[in-house]
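This report concerns only the one structure given below.
Just so it is clear, none of the values below were taken in a lab; they were calculated from the coordinates. Here the structure is a predicted model, which means the values were calculated and not measured.
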Amino acid sequence: MSEIGKRLAVVRESAGYSQIPFAEKLGVSQSSYKNYERGASPVPVGLVCRICEEYDVSPAWLLLGEGQIKSEMNGELVEAAVLAVEKFAQMNDLEPPLERKAKLIRFVYEEVISGRDFGDKELRRIFNTVL
C-alpha cells in the first residue's frame, strides 16, 4: 500500500465505510478506488479535492502526509490572513485592487500555514512584493 493509499484508508475508515460504499459515495468504481489505496493507480486531483472537501481533510496531509489530518484550522487561518491584510492596508492608507488584495491574502495565508510568524515589517515586504 502506498503512503497516500494508507491515508485514503484512514479517511475511509474514520468515515465508517468499507471500500465499496466509499467508492460509490465518491462516484468511482470499487476497482479504481481499490487501486488508489494499493498505490497501483495515481489518485486523480479531482478526487483528492472531493475527499478533502467532503471529509474536511487537509490536502497537505492527504497528499504529502504533512500536518494534521483535519483542516479545521484552515478557516481560522484564512480569516486571520484576511484580517491581517485589511488591518495593514487601513493602517498604511493603502487600497490595492481587489485582485492584488486576493493574491496578498493568499500569500499571507501560505506563509502562515508554513509556520512563519511575522510582523509589520515582514508584512510590508510581502505587500510590496505582491503589489
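Converting phi to 3J(HN,Hα) with the Karplus coefficients 6.51, -1.76 and 1.60 and the offset θ = phi - 60°, the stretch 49-63 yields 4, 5, 4, 4, 5, 6, 10, 6, 9, 6, x, 4, 5, 4, 7 Hz in sequence order, with x at every glycine or proline. Taking amide H positions as modeled 1.01 Å from N, with prolines and chain starts lacking one, the residues under 5 Å from G39 and 5 or more places away or on another chain are S2. Relative contact order of the chain, taken over Cα pairs closer than 8 Å and 6 or more residues apart, is 18 percent. Comparing the chain with the 2.2 N^0.38 Å rule of thumb, its C-alpha radius of gyration ratio is 1.35 (two decimals). When the Gaussian network model of the chain links Cα atoms closer than 10 Å, the mean-square fluctuations of A80, A15, A60 top out at A15. Computed from the alpha carbon positions, the gyration tensor of the stretch 3-64 leads to an equivalent ellipsoid with semi-axes of 15, 13, 11 Å, biggest first.
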